[in-house]
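Following: one structure in structure tokens, then a few remarks.
The values are calculated or read from the model by the stated rules, or taken from the named source; none is laboratory data. This one's a predicted model, so the numbers in the text were calculated from it and none came from an experiment. Here the Cβ positions follow ideal geometry from the backbone for every residue, glycine too, while neighbour counts run over all protein chains shown.
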Amino acid sequence: MTERPDRNLAMDLVRVTEAAALAAAHYMGLGNKEAGDQAAVDAMRAVLHTVEMDGVIVIGEGEKDEAPMLYNGERVGGGHPPAVDVAVDPVEGTQLLAFGRPNAISVIAVAERWSMWQPGPSFYMNKIVVDRHARQSIDITLSPTENLQRIAGALGRRVNELTVFVLDKPRHEDLIAEIRRAGARISLHTDGDVMGALMAAIPGSGVDVLMGIGGTPEGVIAAAAVKALGGGMQCQLAPQSEAECQRLQAALGDEVYQVLTLDELIKADDAFFAATGITDGPLLEGVHYDRQGGVTTHSIVIRALSGSVRYIKGVHQLRREFPFGRVNVEEAVQLVAH
């Protein structure tokens, strides 16, 4: 980076995801995923503009004509160095939030300007993610069975001792069947493959590998976390419709199905990743309220340069009593302001 960010940026990014999580939690279990996502977007954007950086959204809520806030290409931050690419998902798992299910989180990733791979017209990619102990063993061009055998060997375990995070989607019917034939256990989730990649990259999380097709933007966000953790990740674009396939062929030609490595997804050596839980999950607790007017958040922040991983429990004091334990956007922004 033209000016290397200091460690304070990590804490600023946590404030960003805390605000989004606090605002989104207002809608937990209410069945309105659009309102929850919009609240998170509003809060995240407000706090992003207080962060000392010259940021450009490369992965956000969509193109400018589709998303009035946090759109791709939007400038965020205070406008001063360091110059960075910013990837956000104010609510990863809007369905999880709407129905009060586990593992909804708010996430942000930051890396040197021009260093993040940009999805363009791609919506889906096939992914495999492991921790640092198995990073040299994976090859996405091989079968799931072969990869599981190689991963097990790298970890000094048997295949039947591995747990694989897979999204519970019809497109994964064959993948699920093959993993089970190979003897590995499967942890099925309806949504949330950023969290799945994060868990796969953290030794001892209960997940050893993520496999399968998920969102391309989520793949790039996850890559920042995996790189910071020293894990292994490979991807290939996996269009799920003829229209998507045609768009990719027109944009990329023969490069559509090339293997994307971590260093291609995130070219910079230094990257930041932060996430805050909205609903409870195995890695991060969700937003919790108490009767004394306090609200607690649980976050993780990771920096690639140092390899440091910090779990942060924030205790925020509300300025008034909330009988139903809810915080609106303005209050969420105020809670993380100091």
Subject >> Extreme residue, surrounded by the fewest Cβ atoms within 10 Å (Cβ to Cβ), among residues of the range 20-34 that are aliphatic (A, V, I, L, M) and under 20 Å from the mean Cα position of the chain (by Cα) >> reply: M28
Subject >> Members of the range 224-254 found to be under 25 Å from S137 (Cβ atoms) and out of contact with any Phe, Trp or Tyr (no Cβ under 8 Å at 6 or more places or on another chain), listed by number >> reply: V226, K227, L229, G230, G231, G232, M233, Q234, C235
Original post:
Within the group V194, V159, which residue is within 29 Å of A98 (Cβ to Cβ), in the same structural domain as V129 (by TED's automatic domain parsing) and at pLDDT 95 or above?
Top reply: V194
Subject >> Test result for A39, surrounded by 23 or more Cβ atoms within 10 Å (Cβ to Cβ), touching an Asp or Glu at 6+ places or on another chain (Cβ under 9 Å) and of a type outside the set (V, I, T) >> reply: no
Subject >> Residue among L265, L284, L260, L305 that alone is modelled with pLDDT of 95 or more, within 27 Å of E112 (Cβ to Cβ) and more than 14 Å from the chain's Cα centre (by Cα) >> reply: L260
**OP:** Go through the range 269-304 residue by residue and tally those that are surrounded by fewer than 22 Cβ atoms within 10 Å (Cβ to Cβ), over 27 Å from G204 (Cα atoms) and in contact (Cβ under 8 Å) with a residue 24 or more places away in the chain.
**Re:** 3
**OP:** Could you check, for the range 83-90, whether at least one of its residues is within 20 Å of A224 (Cα to Cα) and more than 19 Å from the chain's Cα centre (by Cα)?
**Re:** yes
Subject >> Sole residue being surrounded by fewer than 22 Cβ atoms within 10 Å (Cβ to Cβ) and under 22 Å from A152 (Cβ atoms), chosen from G212, G230 >> reply: G230
